[in-house]
Each structure stands twice: as structure tokens, then as C-alpha cells.
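The values are calculated or read from the model by the stated rules, or taken from the named source; none is laboratory data. Everything numeric in this text was worked out from a predicted model, so none of it was measured. All Cβ positions, even for glycine, are placed from backbone atoms using ideal geometry, and neighbour counts span all protein chains on display. Only protein heavy atoms, including side chains, enter the accessible area calculation; ligands, DNA and RNA are left aside. Shrake-Rupley method; radii C 1.70, N 1.55, O 1.52, S 1.80 Å.
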Amino acid sequence: MAEVFAEDSTSAGAMLDDRRVEELSSGRSRGAGIRVVDGKTTGFAHTSDLSEAGLLAAAAAAAAVAQQGGGKVRTVALGPGSIHDRGDRMLPDSVDKARKLDLLRRADEAARAMGDAVSQVQVGCGDSRRRVLIANSDGLLAEDDQVRTRFNVICVANGDTGMQTGHESLARTEGYEIFERYGVEDIARTAAARALVKLSARPAPSGEVPIVLAGGSGGILFHEACGHGLEADHIVKDASVYTGQVGQLVASPLVTLVDDGTVLGEWGNFAFDDEGCAPGRNVLIENGVLTDYMWDWLRARQEGRTSSGNGRRQSYQHLPMVRMTNTYLLAGSENADEIVAQTPSGVYVKKLGGGQVNTATGDFVFGTTEAYLIEDGHITEPLRDANLIGNGPEVLRRIDAVADDFDMTPGTCGKDGQSVPVGCGQATLRITGVTLGGTA
Amino acid sequence: MELATSVVDRAREGEGMEVYVTRGTETEVRAYEGAIESLTSADSSGVGIRVVLGNQVGFAYAGSLDPAVIDATLADARDNARYATPDADVVLAAPDGIAGVDLDLWDERVASTPMDEKIALAIDLERATRAADPRVRQVSSADYSDGRVEVALASTAGIRSTARRTSAFVSVDAIAGEGADTQTGTGFSVGRAPGDLNPEEAMVDAVLRSTRLLGAQKARSGRCTVVFDPRVVSTVLSVVAAALSGEAVVKGRSFFAGRIGESVAHGAVTLVDDPTDVRAYSASSHDGEGLACRRNVLISDGMLRMFVFDTVSARRAKTTSTGSAVRGGYAGTPTAGCRAIVLAPGSKGPEEILATVGDGLYVQSVTGIHSGVNPVSGDFSVGAEGLMIRGGHLAEPVREVTVASTLQRMLQAVVEIGSDLQWLPGLAAGQTLAIADMQLSGD
């Protein structure tokens, strides 16, 4: 198989920090990645030279690796091309830079108005447009035009106990029209409140404790506890704790987990993946039973099946691999407040930070950035930041309650040196025991 | 350099301009089951342009050196400058009279080594790792990679600097299994050329780290002395380095702010940022603004002496640049940061340190550094795996625990600093380090 992935991307960013608009930044990148797969070997070359000569040189470099025997010329009829029309979007180029600065200033003011203890505010606004064209020797031809917009606020609050930070972000696979629906002031206030509340935080407990995760607190639990472990590249190398587990009960029956690149506007949404395959709504775990893994073209071919639309790459300079899109737990039927009320003691996590997993062992960590003690069924004192550690299959079996207050959050997923935008979603849920890495 | 200066020459009257141009090539080989799984070869180049108009700065970059693209990038940077908040501290770096050291970071062998030899390095590494121990049941990746990068920087303020470097790297991920138990370990080796690499060491490290964790259990929660492996120390020092950035300090985002001259660490702690030491993987003769890199003593005998500054953060702090501007390639703008941190070694080797500690936890790797260590508040909480230390020796393996404290307390609670300094990839070297009174969280 031979494939050409051409990409033309532009991006812009604006940053307000320490009350100043520090600088605006604009970036552009254009190039093609050429992949030749022969048996189990992949040859890959990329170039920013899109002339016929440049492309042929890259193709020769990629083919030289993969081809053990002599080369042969085969003419392939491409098409019909799949081009996705996203309808009306407020494209980044059409937005006046002064309007972006207005968003930054409004957020800065709103954050600082939360209290004198808010000692520093950094506001960032960024957008990108990524146009891709993928053609391969199977005759596939696909084009996509992805527009993404993000806005984030980081606050520092200063008090008697030192400094604390609060972070909140909005990120959508849409244009600037998102600011008609989401208020930048709200994002800023959330970030500031998060930093302020931690000024009176006590050290987090240590040891195994029941945890209630708030709806939309990050959903990164599933991303780390099983998402990465369900990526077929780990499976085919027997480097995942979930290898050979299809049809087995791997989680509480309350868990139905879906990876879904089709959710319009979410951060991990696209019309075609980076191998030209349309995304799907893929059920990974249904009522606790593992139903399938996530697949890209290469790993699907090895197993004689089709891609699930999870072949993604950071840019034309990277090889595609199996990646998540928007990964979420279907909502349950319980009431979030009642789940807390029925928890005699534990920790309530309002917001999660990042995480990391070892897919071979299933051990994973994820950080809290806003958490409280639960005492006698009530949310009480705030806690300082800490990491939680657990083993994927064990933790998923310990989920004993799922509420109906589903929400999604955006994130950036790193794997093998490549970053891609992803979404995570979940309703309020309880885990009967996870190890919390506090100091108390 | 000609390209960088030719763009700078286009600066208009009263316009400041800095042009950063980079060109590079890279090779990456991944081996699997005795064959090439993937081989990447590529050239890349890019340009980053900063324009200063009055006291307003704008930035633009492009992943191409095509003249039409550079024109568009320059126009973007000029337009962006109109929107920044005017600030008298925003100026381009000017030559400060300090000459850069001459560092030889370029090795022709990266280009001259035949591809077949590079491929063999990855394939042989995989084969050797699989054969080393019957408990190694999988090698999920065995990689060879190298790169050559050339950088030129020119500005209207009189900066002209060029640098070039090569690098080569092998790494291997081993998965060990025994019964239902699975553990993993990574080994690597870095150098300026393929000939510098020690794949044997990478293999031995990956096998040892994966197999010695077999049978690991959670440990009981409690306070104990923790001995960190050199690789972990390098990672932790990188976070401490973030708090020593003058940029973080002037913006009130460092727990070190306002503490110059105070005791911030145990008296045995001397922390130096020295990019002029050729042994450092990240060694560099010039910083991200083209000023000479220099040896900066940040903490000596436990006392906080200085922060590192780029030109703008230095002006905001009423001081001068310490030659410490760092930038993330052509797409990044300069900011203040450390480049080659070294904690001054002590006199004891790892075994002696274990003997001194007696009982505690030896941590061979940590997870969740980004989610669990905060350079603003100093809160520290990471996932850890390693071995218990009993009677001065390594004992049973431990997994799925966390160790926690604050960076402030950890710096004061240093018990022993190892003599086994290792030059590692990244921005800090590392050695064995023992820290008292950390909270171990497990069962």
C-alpha cells in the first residue's frame, strides 16, 4: 500500500499574561507524508516540498525502505473523492485580531474581579485550520477541513499558605461562533475560583479511599484506565492488559464505554481520520463486557478487518497510529447529589488534571486539580492537588454508581511523541476505593 | 545564516527584527520481531520571525524556507506586532560582550554511517533484549533514531549566531512476565553519533528494570525515606528548574520568588545550570536569543543565589540576561529557562547510600509528573514503582503506590546525594538521591 497525506495548516495564538497582551503568534505549515507498507514493514518520508520533484523524492525514500524486491509501476484510479462539508463556520481568518484581544481582556478582568488574592492571570486564545488530503493505492481519496478553537485561563492565587493554581479551558472543533454560546468570563471565574478555594485547602489524605468523580470532571479516568489499553497497536503486540479479553467482563456492569469521533464539535471530532477513514461510534465496553478494540488501517489489516476510524497523526511529519477520539462513559440513572449523600467518607473530585498509563501492567495515575473531603455524605474541606493511582481493570470493577449528569471535557493526548486533541466524557460516578497520593 | 541575515536586512526604519532559521534531518528505525517495523527519514526546516515596533512585539513562524512563505510570515509578524501591549521592557537581545565557548556538538558519523548499520542497531537491540532473560516475554519497541540540526539567528540588534548539533539515541521497552504478572522496563543510550551508543547498557537496564519488579505488590502507607534513581532525579530537577526561571519569578509563579539569599535547600545542595559543559546532552554555546550560554550557580550550599533570565524577563526584574533564553524550535518564542542542570555530586555511590538509609523505598520510575507536581505551589505527588530498602539492601518490589511531599520540603530533607552522576537526555543530569520523610501511599 502506498499513501500520500498532504496537509496545509495555519494557526494563530494570542496570549495575555501579567495584564499585558504579550504577543500574537501566527504559524503556517504545508507538506506531505508518504507511507509505503510492504508486508510488516513501513517506510515513511515527509517533505515540505510539494512540487512533483519533491514528492517523488519523498516517495522514493519511503519505497526504498519497504520494497525488498523490485519496484513496479501500477496506475490506480482514485475516487470518487469524499469531501466533507461542515456548513457555516466562523473561520479564524475572518475574525479581527482586535476581537480576540477583547476576549482575552474580558477574561482577565473577570478573573481578577474574583478577589484580591488572585495574583496572576494568564489567558490564551488559539485557533487552527487544518486541511488534509489523503490518497492511497487502494483508490481512496478523502479530504477534510478541520477548524479548531480553544480558550484557556490559568490563575494563581496567593495567600498565607503560599500559592495555588486554577485552570479552565474550552476547546471545540468549531470556529469563533463558539463564543456566542460560551462566555469567556465564566471560564475565567471558574479558573479563579479553583485557585482561590485551594488557598484554604488541607493536604490530601493518603491511602485507599472511596472517590466520587463529578460529571465532566475530566473523564480522563477512562482514557487512562482502559482507553489506551484498548488501542489495537498495543493489543497486537500483546502489550496491553486487555489483550485477549474480548467477551470478558472487564468492568462493572454499570460501564458502557464508547469512542466516538462523530460527535460534532467535540475536541476529538473529524470527518475523516488521518488515513481517510470516516470515524465511527465504536462501543468498546458494553455493560462491563469488552466488545472491541480501536483500530487503524495497519493493525486492522493484520487482523483481517477494517479500521474503526482511529488512525490519527499529529501532522504530515508523523506516522499514523491508533488514537482515541472522544471517549466517554454512557450516563447512568442515579442522582449525582444522592451518590455523594450515600458516601459516608471519601474524596469528591470536581476537576481532574492529566494522567498517564502503563498499558502492559494497567497501572495508571491521574491528578486532581480541585477536590474536597466527603464527610458524613457532605462535601466539606478543599484538598491540595495530588495524584491518584490504580490498576485499570481493578478500578473499573469498583465503579458502583453512575449518575445522569453527563458532560464532556477537552484534552490533549500524548502517545509516542505525538499529540492529538481528544474529548473525554462521563457523568458523576463513584469508585469504592482508589489510592490517593496525599501527604496527610 | 545568509538566509537569516537577508531577512533581517529587510527591516524597515525603526523596526527591530529577529530571524531564527533551522534546518534538520532525522532518521528513525523501529524494529519488531527481527525486522524493520517502520523507518522514517525526513528533512525539515523552518523559520521564526519576531518583529518589534516601538515596544510592541509580534511573532510568526512557518515550517518552510520557501521565499514566498517567508514573505507571508514576515507580513504576519509585522501585523501581529500592532496588537501587543506596548511595554518598555520588550526589546531584542543585544550583544553583551560575553564570548560563547566553542563546543563541538557535531559528529559527521551521523551522516556517514550507512543506513544498514543504523537498522542493525535497532534489530540487534531487540534480539538481544528478547534473548537476555526467559522472563522477557515481549519487546514492545526497540528504536534507533538520530538527527542533525543547524540553527542560525540574526537580528537588527547585532546578533549573529550559528550552531549545529547531532544526536543519536537507542531505546528499548521490555515486558517481563511470570505467571499472570507483567512488568515493564525501559533502557536507553544517548550520544552525538551511532558510535557513541551503548546498546548493551540499554538492553541490560530494560531487562533489569522489568524483571526485578516481577511479583511487585502495593506497600503499606506511611512516612519513609525515599531513594530516587538518577533518571527520576533528572525528571524532578527539571520541575525545580521551572521554578528557577526568571520569567516564572517576575510573574509571581514560582515558590522561589523573593527568596534570594535565603536557605531553600539542605546545605549539601549546590545546583548549577551549565550549558557550556560539553558532556550535557543539551549543551549549547548560545542561548535562544543568540547570547553566550554561561555557567550559572543557582543554589549553592543550600542558599538561593540567582534565577535564570532571558532579555525581557531580566529587564522586568531590573537585571541583565544570564544567557538563558530557551525556545521550542522555530515555532516558539524565547523565554527564560534552564538548559543543563546539574546537582553537585556527593561522595557516596548508590550501594553506600542504601546502606546509610537502612530502611525505606527505592523508586526506579515515576508517573504523573505533569499532573502531580506543581512548580507554582510546590505540591509533589507522583505514582511510583521500585523496591523496598530493608537493612541497607534492595528488597521486595513495589508497584501502584504514590510518594508525596512538597518540593520545598524535599529540598530541605535531602539525606544523601550520590556520586554516580549520569548525563541523561533532557535538561538535567541525575544521580542517586535520598530524601527523608516522604509520604508513601499504598494500602
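Peptide B:363-369 shows a mean partner chain C-beta count of 5 within 10 Å per residue C-beta.
The amide H of A:Gly265, built 1.01 Å from its N in the peptide plane, has A:Thr173 as neighbours under 5 Å, considering only residues 5 or more places off or on other chains. What's the Kirkwood radius of the range A:224-279 in Å, using all Cα pairs? Evaluated on the range A:224-279, it is 13.3 Å.
P(r) tail for the range B:34-92: Cα pairs beyond 20 Å make up 44% of the total. Spin-label model, A:Arg281 to B:Ala344: label points 7 Å out along the Cα-to-beta-carbon direction sit 6.5 nm apart.
Model label points for B:Arg223 and A:Arg305, set 7 angstrom from Cα along the Cα-to-Cβ axis, are 5.2 nm apart.
Once C-alpha pairs closer than 8 Å and six or more residues apart are averaged by separation and normalised to the residue number of chain B, the relative contact order reads 15 percent. Counting every alpha-carbon pair across the range B:2-211, the share separated by more than 28 Å comes to 49%. Protection proxy ranking for B:203-215, A:52-64, A:138-150, using the average of other Cβ atoms within 10 Å per residue and placing the highest first: B:203-215, A:138-150, A:52-64.
When the other protein chains are added to the chain by itself, burial of at least 40 square angstrom of heavy-atom accessible area (probe 1.4 Å, ligands and nucleic acids ignored) affects these residues of the range A:1-39: A:Arg20, A:Val21, A:Glu22, A:Glu23, A:Leu24, A:Ser26, A:Arg28. Rounded to two decimals, the Cα-based Rg/Rh of the range A:206-437, with Kirkwood Rh, is 0.97.
On a full-extension model of 0.36 nm per residue, what is the gain between B:Asp301 and B:Arg409, subtracting their alpha-carbon distance, rounded to one decimal in nm? Stretched out fully, the B:Asp301 to B:Arg409 stretch lengthens by 37.3 nm. Angle check, please: helix B:115-132 long axis (alpha carbons) against the longest principal axis of chain B (alpha carbons), in degrees 0 to 90, nearest 10. That works out to roughly 20 degrees.
Can you give me the P(r) profile for the range B:216-443? Cα pairs, bins 10 angstrom wide beginning at 0, each as a whole percent. Computed distribution, short to long bins: 9, 33, 35, 17, 6, 0.
Over every Cα atom in the range A:242-373, the radius of gyration and the widest Cα-Cα span, Dmax, amount to 17.3, 52 Å. With protein chains left intact and a 1.4 Å probe, residues in the range A:2-200 average 44 Å² of accessible area per residue. The protection proxy used here, the mean number of other Cβ atoms lying within 10 Å of each residue, ranks peptides A:108-117, B:236-245 as follows, highest first: B:236-245, A:108-117.
Averaged over peptide A:385-395, the number of partner chain Cβ atoms lying within 10 Å of each residue's Cβ comes to 6. Taking θ as phi - 60° and the Karplus parameters 6.51, -1.76 and 1.60, the scalar couplings of the range B:182-197 work out to 10, 9, 10, x, 10, x, 7, 8, 10, x, 8, 7, x, x, 7, 6 Hz in sequence order, x denoting glycine and proline.
For the range B:420-434, backbone phi angles converted through the Karplus equation (6.51, -1.76, 1.60; θ = phi - 60°) give residue-by-residue couplings of 8, 4, 10, 8, 10, x, x, 9, 9, 7, x, 8, 4, 9, 10 Hz, Gly and Pro being listed as x. Between rounded, prolate and oblate, where does the range B:1-119 land on the alpha carbon gyration tensor, with a ≥ b ≥ c its root eigenvalues, rounded for a/c under 1.5, else prolate if a/b exceeds b/c? Verdict is prolate for the range B:1-119. Against the empirical 2.2 N^0.38 Å (N residues), the range A:2-200 has a Cα radius of gyration ratio of 1.42. Note that chain B presents 36 Å² accessible area per residue, ligands and nucleic acids not counted, probe 1.4 Å. Label chain B by shape, choosing from rounded, prolate and oblate, from the square roots a ≥ b ≥ c of the eigenvalues of the Cα gyration tensor; if a/c is under 1.5 it is rounded, and otherwise prolate applies when a/b is larger than b/c, oblate when it is not. Here chain B falls in the oblate category. Label-to-label distance for B:Ser263 and B:Asp71 is 6.5 nm, based on points extended 7 Å past Cα in the beta-carbon direction.
Taking amide H as placed 1.01 Å from N in the peptide plane, B:Ala193 has its amide H under 5 Å from the amide H of B:Ala168, each at least 5 places away in sequence or on another chain.
Adding -39500 (n - 2.57) for every DSSP H run of four residues or longer, then dividing by how many residues chain B holds, sets the calculated 222 nm ellipticity at -6500 deg cm²/dmol.
Rounded to 0.05, the FRET efficiency of the B:Ser6 and A:Asp138 pair, given R0 = 51 Å and the Cβ-Cβ distance, is 0.70. Convex hull volume per residue, computed on the Cα atoms of the range B:179-303, equals 188 Å³.
The share of C-alpha pairs in the range B:1-55 whose separation exceeds 20 Å stands at 51 percent. Mean per-residue shielding of peptide A:160-166 is 4, counting Cβ atoms of other chains within 10 Å of each Cβ. With the whole protein complex present, A:Thr412 retains an accessible surface near 110 Å², based on a 1.4 Å probe.
A:Phe272 sits with roughly 30 Å² accessible to a 1.4 Å probe, with DNA, RNA and ligands left out of the calculation.
When A:Val118, B:Val149 are compared by accessible area at a 1.4 angstrom probe, the order from most to least is B:Val149, A:Val118. For the range A:206-437, the solvent-accessible area works out to 30 Å² per residue, with a probe of 1.4 Å and every protein chain left in place. The interface between chain B and chain A buries about 5500 Å² of solvent-accessible area in total (1.4 Å probe, ligands and nucleic acids excluded).
Is the shape of the protein assembly as shown rounded, prolate or oblate, going by the alpha carbon gyration tensor and its root eigenvalues a ≥ b ≥ c, with a/c under 1.5 for rounded and a/b larger than b/c for prolate? Verdict is rounded for the protein assembly as shown. Straightening the chain between A:Asp96 and A:His378 buys 96.8 nm, computed as 0.36 nm per residue apart minus the Cα-Cα spacing. Along the range B:157-172 the Karplus relation, 6.51 cos²θ - 1.76 cosθ + 1.60 evaluated at θ = phi - 60°, assigns HN-Hα couplings of 7, x, 6, 9, 9, 10, 8, 8, 8, 10, 8, 9, 8, 10, 8, 9 Hz to successive residues, with x for each Gly and Pro. For the range B:219-239 versus the range A:1-45, the inter-centroid distance based on Cα atoms is 36 Å. Calculated [222 nm] ellipticity per residue, helices only, for chain A: -4500 deg cm²/dmol; basis is -39500 (n - 2.57) per DSSP H run with n ≥ 4, divided by all residues, nearest 500.
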